[in-house]
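Undergrad: Supplied in structure tokens, the structure appears directly below.
Only the coordinates and a few stated rules stand behind these numbers; no lab work does. Keep in mind that what you see is a predicted model, and the values were worked out from it rather than measured. Counting neighbours? That spans all protein chains shown, and the Cβs are built from the backbone with ideal geometry, glycine included.
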Amino acid sequence: MSVPIQRNSREENKLIKEGHVPENWNEAKRRQKDVTARWSARKHKHAYWYKKHISIDADNKFIRDYVVTDAAVHDSRVFGELLDESNTSRDVWADSAYRSEDTLADLATRRYREHCQRKGCKHRTLTAWEKQGNRTRSKIRCRIEHIFGVQAQIAGNLILRTIGKARAEVKIGLRNLAYNMHRLGRCLPATG
């Protein structure tokens, strides 16, 4: 005997997007559905996921701090949370997604030196001076992309299969810790 597959109704999807759990779900279904993650698209692939945002030590490529959010949160929303006042470097390197008037004003108020990429658009292309500045900034900023690449190589690009943001935060934190230990092993001088 086959059991028909039930699809979520539009009302259930709307409730989930608002962060609520539909009342008609039984306890087993509630335990198996992650209602805190969100849909997002990246490179034309749609996924229901969480994103990690990291702050690194640019000199040694260690992860200093991280924040986990649902996929619908824009990167610039957690930018301020990742800034560490105890960091001796006041330089902030970031891609063009973080460049906004509010972000630049916040960095100036907190006495950080911004090195955010500039972004052109259809109606305003970048000048040669801005393009050269982006190339200079990218030499430092690319280090964060190296970290994501190394983590994907080490973990084999594993998908984190968890239900709930708390579990995702723990698994991502462990992956970051494993990366830092791997990096430390490569930075230590060889003995023997």
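Undergrad: Take every Cα pair under 8 Å in the range 15-187 that's 6+ residues apart, average their separations, divide by the length, and report that relative contact order as a whole percent.
TA: Computed value for the range 15-187: 21 percent relative contact order.
Undergrad: Using the Karplus equation 6.51 cos²θ - 1.76 cosθ + 1.60 (θ = phi - 60°), what ³J(HN,Hα) coupling, rounded to whole Hz, does each residue of the range 78-83 give in order, writing x for Gly and Pro?
TA: 9, 4, x, 5, 7, 6
Undergrad: Also, quick follow-up: Pull up the cross-link candidates among the lysines for K17, meaning alpha carbon to alpha carbon under 27 Å and not fewer than 8 places away within one chain.
TA: Of all the lysines, those that pass the test against K17 - Cα under 27 Å, at least 8 places apart if same chain - are K29, K33, K43, K45, K51, K52, K165, K171.
Undergrad: First measure r as the distance between the Cβ atoms of K139 and R161, then evaluate 1/(1 + (r/R0)^6) with R0 = 41 Å and state the FRET efficiency to the nearest 0.05.
TA: My answer for the efficiency is 0.70.
Undergrad: What order do you get for R38, R167 when you list them from fewest to most C-beta neighbours inside 10 Å?
TA: Lowest to highest Cβ neighbour count: R167, R38.
Undergrad: When the helices in the chain are scored as -39500 (n - 2.57) per DSSP H run of 4 or longer and the sum is shared across all residues, what 222 nm value do you end up with, to the nearest 500 deg cm²/dmol?
TA: So the helix-based figure for the chain works out to -13000 deg cm²/dmol.
Undergrad: For the range 2-123, give the magnitude of the charge dipole about the Cα centre (Cβ charges: +1 Lys/Arg, -1 Asp/Glu; no others), in debye to the nearest 20.
TA: I would put it at about 660 debye.
Undergrad: Students often forget the sequence filter, so: which lysines lie under 19 Å Cα-Cα from K131 once same-chain residues fewer than 8 apart are removed?
TA: K119, K122, K139
Undergrad: Go through A152, Q32, G164 and say which Cα lies farthest out towards the positive end of the charge dipole of the chain; charges sit on Cβ, +1 for Lys and Arg, -1 for Asp and Glu.
TA: So the residue we want is A152.
Undergrad: When the Cα centres of the range 24-46 and the range 51-128 are compared, how far apart do they sit, in Å?
TA: First find each Cα centre; the distance between them is then 28 Å.
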